[in-house]
1. Are any residues in region 171-190 at pLDDT below 90, open to solvent by less than 80 Å² (accessible area, probe 1.4 Å) and in contact with a Gly (Cβ under 8 Å, 6 or more places away or on another chain), and if so, which ones?
2. TYR271 - would you say it is under 16 Å from ALA108 (Cβ atoms), modelled with pLDDT under 85 and of a type in the set (Phe, Trp, Tyr)?
3. Where the second residue is at pLDDT 80 or above and charged (D, E, K, R) and the first is open to solvent by less than 10 Å² (accessible area, probe 1.4 Å) and lies in region 299-325, which pairs have Cβ atoms under 6 Å and are six or more apart or on separate chains?
4. Looking only at region 430-477, which residues are in contact with a helix residue (DSSP H, G or I) (Cβ under 7 Å, 6 or more places away or on another chain), at pLDDT below 80 and either open to solvent by 50 Å² or more (accessible area, probe 1.4 Å) or over 25 Å from GLY401 (Cα atoms) (or both)?
5. List the pairs whose first member sits in region 125-148 and is modelled with pLDDT under 75, whose second member is among the hydrophobic types (A, V, I, L, M, F, W, C) and loosely packed, with under 15 Cβ neighbours inside 10 Å, and whose Cβ atoms are under 8 Å apart, counting only residues at least 6 apart or on separate chains?
6. Name the helices (runs of 4 or more DSSP H) wholly inside region 253-356 in which the number of residues that are in contact with a Leu (Cβ under 7 Å, 6 or more places away or on another chain) and among the aliphatic types (A, V, I, L, M) is 3 or more.
Amino acid sequence: MSAFAYGTSYFSAVIFIGYAGKFGWDIGFPSMWIGFGNAVFGCLLAWKLLARRTRTITHALDARTMPEFFAGRYLSKRMKIFAAVIIFVFLVPYAAGVYKGLGSLFGAIFPNISTMFWGIPADTICMFIVALLTGFYLILGGYVASAITDFVQGIIMLVGVFVMVIALLAHPNVGGFAGAVTRLRAVNPSLTSLFGGDNWRFLLINILLTSFGTWGLPQMVHKFYAVRDEHAIRRGTVISSVFALIIGCGAYLVGTLGQLVLQGKLPSGGYDAVVPTMLIAAFGQGLVGNILLSVILLLVLSASMSTLSAVVLTSASAISVDFVQVFKNPPQGKNQMRLTRVLCLLFVAMSFVFATFRFAIIVSIMSFSWGVVSGCFIGPFIWGLYRKGITRAGSWAGMIGGLSTILIWTFVAALTHPDMAQGFGVAFQAVSKDAPTYGIAAMAVSFLLVPLVSLFTKPYDKAHIDRVFADVPTKAR
């Protein structure tokens, strides 16, 4: 269940609607390298390097969340508060991107739903319904319930991807895999090249962000805390990697086939409308087509609900477990549970409101959110697991350095952009297409600053370090 929870939290509507819609359309078959990179670096390598060490040290520190890990590893309540605030604030755009992806798909397939709700846009209505569902089942359940549903949703995702790929390859405009290669090569040879032709640099940046970015995302790392034992880690490594390979490569293959199904005509709704429009064109007629479309809708809904549950639980616990607990007389037991549920609802509401803003491309929202959160945490978290000499000052340097890199670079780019004359919001959306680059830079700065500053600052005493690494095998230290 931990392996499926990791995989289903990794992929949501965004990969099918946002990433596959844009990168599959622009880059073609080489975009599948992103899915391959997610499986190898985001899953296989992450489980190999992080799962065992994370489980061991978080148990030694009695840490249930990433802010608690920082507090225990670096003996800093302020760091715990800072991390909790970052998680709660900057995971809102992450969840909003998921809502927007679902809204784009369901709104395109059920456009007439707006006539039933006083002319409210169809995508807004669909996002609101999903928000209600998310809040409802999170309040009734919890982490274990979420893990069980993630397992079921993961099975649905696997079935849905196979159905979608097979059905689209059989479409008359595609003509099977061999036909797709031939026809795409006729459209643009770079769509069938090995490394994307001139797009190789852009491809590399997105592979790095979406693969290594998960190493610093609390909702992903948290899955390692609950792994039962060493045997489960070995199985989880294989299961999550195979799952990611199928889902990731399948999604980008689908986006690529959009070029053929839609005959090279980008929909009026832009890249976010590629997959919804393609699905309607391919499956919108006949009983069999509607059945296949229903399976695919379940696929995207399952992918998104599992991701949303992970993000919402992580964000709510960041406040109820981490932020509030540093004050006097914090809520405990049932009161803490009630607070977590209230915060779940608050986070869902904030994410929904944010999603109703008309951002141009889902990919930009997600990349910015990934960059901020992972840019803050990746350095202090990974070095804290593996190196005894990391200091509190080094950890703070990594957090502040990563956060400052992406925020300052983004705001300066927006303020100096020609579209600034139309307002900061317009300029921000214009520069947000470079969010993956900013995110990679933030992660690199965080990862480099932590050990560098630690070399010149006061280390922890031996007793504390021995307690942190007490359960780590001697050879592994």
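1. Passing the criteria: ASN188, SER190.
2. Spelling it out, TYR271 is indeed under 16 Å from ALA108 (Cβ atoms), modelled with pLDDT under 85 and of a type in the set (Phe, Trp, Tyr).
3. ASP322/LYS80
4. LYS433, ASP471, VAL472
5. Listed by first residue and then by second, the contacts come to TYR137/ALA145.
6. 274-283, 286-317
One line per residue, one yes/no per condition, for (1) of a type in the set (Asp, Glu); (2) under 22 Å from the mean Cα position of the chain (by Cα); (3) within 24 Å of PRO218 (Cβ to Cβ):
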{"site": "LYS388", "(1), (2), (3)": "no, no, yes"}
{"site": "TRP396", "(1), (2), (3)": "no, no, yes"}
{"site": "THR410", "(1), (2), (3)": "no, yes, yes"}
{"site": "ASP419", "(1), (2), (3)": "yes, no, no"}
{"site": "ALA444", "(1), (2), (3)": "no, yes, yes"}
{"site": "LEU455", "(1), (2), (3)": "no, no, no"}
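Conditions (1) surrounded by fewer than 24 Cβ atoms within 10 Å (Cβ to Cβ); (2) in contact with a strand residue (DSSP E or B) (Cβ under 7 Å, 6 or more places away or on another chain); (3) modelled with pLDDT under 80, marked per residue:
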{"residue": "GLY213", "(1), (2), (3)": "no, no, no"}
{"residue": "THR237", "(1), (2), (3)": "yes, no, no"}
{"residue": "SER240", "(1), (2), (3)": "no, no, no"}
{"residue": "ALA251", "(1), (2), (3)": "no, no, no"}
{"residue": "GLY258", "(1), (2), (3)": "no, no, no"}
{"residue": "GLN263", "(1), (2), (3)": "yes, no, no"}
{"residue": "GLN285", "(1), (2), (3)": "yes, no, yes"}
{"residue": "ILE291", "(1), (2), (3)": "yes, no, no"}
{"residue": "VAL295", "(1), (2), (3)": "yes, no, yes"}
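The values are calculated or read from the model by the stated rules, or taken from the named source; none is laboratory data. Because the structure is a prediction, the values reported are computed rather than measured. Don't worry about glycine lacking a Cβ; one is built from the backbone with ideal geometry, like all the others, and counts go over all protein chains shown. For the accessible areas, the whole protein counts, side chains as well, though only heavy atoms, and no ligand, DNA or RNA atoms are used. Shrake-Rupley method; radii C 1.70, N 1.55, O 1.52, S 1.80 Å.
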